[in-house]
Amino acid sequence: MKVLVINSGSSSLKYKLFDLAGPRAICAGLVERIGSSQSSLAHTLYPDSGPGEKSEIFECFETHTQAIEKVAELLMAGDDPLVRSAQELLAIGHRVAQGGEFFKANCIVDEKAIEGIRQNIVLAPLHNPANLAGIEAAMAHFPGVPSVAVFDTLFAGSLPDYVYRVALPAAFYKDFKVRRYGFHGTSHAYVTRKLADLMEKPLDNLNNIVCHLGNGSSMTAVKGGICRETSMGMTPTSGLIMGTRCGDIDPSLPAYLSSCTGKSAAEIQTILDRESGLLGICGMNDMRDIHKAISQGDDNARLAFEMLCHGIKKYIGAYYAVLGRLDAIAFTAGIGENDSQVREKCLEGLEHLGIIVDQELNAGLRGKSGRISTHDSAVEVWVVPTDEELEIATICKDLVTA
Ligand code: ADP
């Protein structure tokens, strides 16, 4: 029972092939710089055991279709191919950034779904066209294999209106679909379910906060498996300070900056998304580099670290209040899974809220799941590695075999 998961960005395409009988990842890869003469494909084969085997192919991929054709060739070539024929694929799952209010559920892609994803391009002009290109290329190359659209915004579709509405003139919601959507939904949903399993608690009786801290970061407050708050908004620029995105800022800032610099709205937006966040503060967006710089006395790196941790702490306090009762906090994604210093700093001084970190457990945990709070901590704190691709593959199986 094999499922191929595709995550196509504006100039990239990630893929991962699963055998859901395990479940087990068979291979994964990344095509980068699609459209440029320097595009490349890195393909990693996961053997049953032992380290993965990586190969790189340098080729010019003009389009997502060409990239998918190459992926198909890699999967289906040789005497003992990973996929013998298209019929061996149960489904192809696609991560789609923006489902808007059009999609109330993940779905098997048909004409109507394609039209819906197209209509939402206005809300995600960088992501949805790329997602659509990936879907159309996969459908053309693997006719007869169902394509499934899994929306990044869906988990936050349960937000109450007083959370998702934005306090601007009401017509903007109706005319221009201005509201909070939230992103990283597959990760927040997967981690919440895993957390319930790890705590051996029924999901419908779990109140938790998920801190998805990667290059892009977001937090959610979840009650009984249902998302009640999210730090991301109309776009993924809002919320926490991220690798290169500014997170929450004074809404008057873009106009002020435009008048100071003479830059257009689009140019200012690029600065907010690509030149801000940790990178803007200290010139680095990878936490590993930031820690190294802090140890060498770099005060801008210290500032970036403290700003990030303070922001996470503020959201924890706010979400605790929203949930009323908090059972657990889960840390996930690149920083959340690996960076014990960020976890320690953002939870520092919260003992009076019943959040007590076990310093030794925390320091020793990297890249795998485990509890990092003390036994007498009223709120349990866990590290839960995310697996968005596996979540998409599982959704595919559930939809296609329903
Ligand atoms: P995204 O999916 O948003 O691109 P990831 O979840 O892969 O991001 O996280 C990438 C980030 O995780 C890196 O930019 C880096 O800041 C952080 N990271 C990865 N490994 C470590 C580590 N060992 N220690 C601290 N931070 C790490």
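The values are calculated or read from the model by the stated rules, or taken from the named source; none is laboratory data. Remember, it's a predicted structure, so these values are computed and weren't measured experimentally. Methodologically, a virtual Cβ is constructed for each residue, glycine included, from the backbone with ideal geometry; neighbour enumeration extends over all protein chains shown. Only protein heavy atoms, including side chains, enter the accessible area calculation; ligands, DNA and RNA are left aside. Shrake-Rupley method; radii C 1.70, N 1.55, O 1.52, S 1.80 Å.
Side notes on the structure shown:
- For the peptides 114-126, 213-225, the ranking by packing is 213-225, 114-126, with the highest mean count of neighbouring Cβ atoms within 10 Å listed first.
- Averaging 1/r over every pair of different alpha carbons in segment 33-76 and inverting the result gives a Kirkwood radius of 11.3 Å.
- Placing a pseudo-label 7 Å from each Cα along the Cα-to-Cβ vector at ILE108 and GLN359 gives an inter-label distance of 5.7 nm.
- Zone of ASP19's modelled label, taken as backbone nitrogen in segment 371-402 under 19 Å from a point 7 Å along Cα→Cβ: 390-391, 393-394, 397
- The HN-Hα couplings worked out from phi for segment 113-121 by the Karplus form 6.51 cos²θ - 1.76 cosθ + 1.60 (θ = phi - 60°) are 5, 4, 5, x, 5, 5, 4, 7, 4 Hz, whole numbers, x standing for Gly and Pro.
- PHE58-MET307 pseudo-label distance in nm [points 7 Å out on the Cα-to-Cβ vector]: 3.7
- Above-threshold pairs, the threshold being 21 Å between Cα atoms, out of LYS14/LYS54; LYS177/LYS263; LYS104/LYS177; LYS2/LYS201: LYS177/LYS263; LYS2/LYS201
- Rg/Rh ratio calculated on Cα atoms of the chain (Kirkwood radius): 0.96
- On the beta carbon distance between MET1 and ALA77, with R0 = 25 Å, the FRET formula returns roughly 0.70.
- Where Rh is the Kirkwood radius over Cα pairs, Rg/Rh for segment 1-91: 0.97
- Between the amide H of GLU229 and those of ALA221, distances stay under 5 Å, these residues lying 5 or more places away or on another chain, with hydrogens modeled in the peptide plane.
- Directionally averaged projected area (convex hull, Cα atoms, segment 172-307), nm²: 10.5
- At the listed q of 0.17 Å⁻¹, the Debye profile of segment 2-151, built from one uniform point per Cα, gives log10 I(q)/I(0) equal to -0.96.
- Among 20-32, 200-212, 86-98, the peptide with the highest mean count of other Cβ atoms within 10 Å heads the list, and the full ranking is 86-98, 200-212, 20-32.
- GLU69/THR270 FRET efficiency (R0 30 Å; Cβ-Cβ; nearest 0.05): 0.40
- Span from the segment 108-170 Cα centroid across to the segment 265-311 one, whole angstrom: 31
- Listed residues SER40, LEU168, VAL322: farthest to the positive end of the dipole of the chain (Cβ charges): LEU168
- On a per residue basis, segment 201-388 carries 45 Å² of accessible surface, using protein heavy atoms and a 1.4 Å probe.
- Carbon/sulfur fraction of accessible area - the chain, other protein chains in place, 1.4 Å, %: 52
- Here the 3J(HN,Hα) profile of segment 57-73, calculated from phi with Karplus coefficients 6.51, -1.76 and 1.60 at θ = phi - 60°, is 10, 9, 8, 8, 9, 6, 9, 5, 4, 4, 4, 5, 4, 5, 4, 4, 4 Hz, Gly and Pro shown as x.
- Ordering 66-75, 33-42 by mean Cβ neighbour count within 10 Å, with the highest value first, yields 66-75, 33-42.
- When both bridge partners sit in segment 201-388, DSSP labels roughly 60% of those beta bridges antiparallel.
- Amide N of segment 60-83 lying under 20 Å from the label point, which is placed 7 angstrom from the Cα of SER37 along Cα→Cβ: 60-64, 66-67
- Placing TYR162, TYR319 in order of accessible area, with the largest value first and a 1.4 Å probe, yields TYR162, TYR319.
- Working from Cα pairs under 8 Å separated by at least six residues, relative contact order for the chain is 13 percent.
- Residue-wise HN-Hα couplings along segment 177-182, as the Karplus relation 6.51 cos²θ - 1.76 cosθ + 1.60 with θ = phi - 60° gives them from phi, are 6, 6, 6, 8, 10, x Hz; Gly and Pro carry x.
- Nearest-ten-degree value, helix 299-323 long axis tilted from longest Cα axis of the chain: 90
- With both labels modelled 7 Å from their Cα along Cα-to-Cβ, the SER85 to LEU203 distance reads 3.6 nm.
- Placing unit charges on the Cβ atoms only, positive for Lys and Arg and negative for Asp and Glu, gives the chain a dipole magnitude near 800 debye about its Cα centre.
- Just checking the listed ones, ALA255, ALA196, ALA304: in the Gaussian network model of the chain with Cα springs under 10 Å, the one fluctuating most is ALA255.
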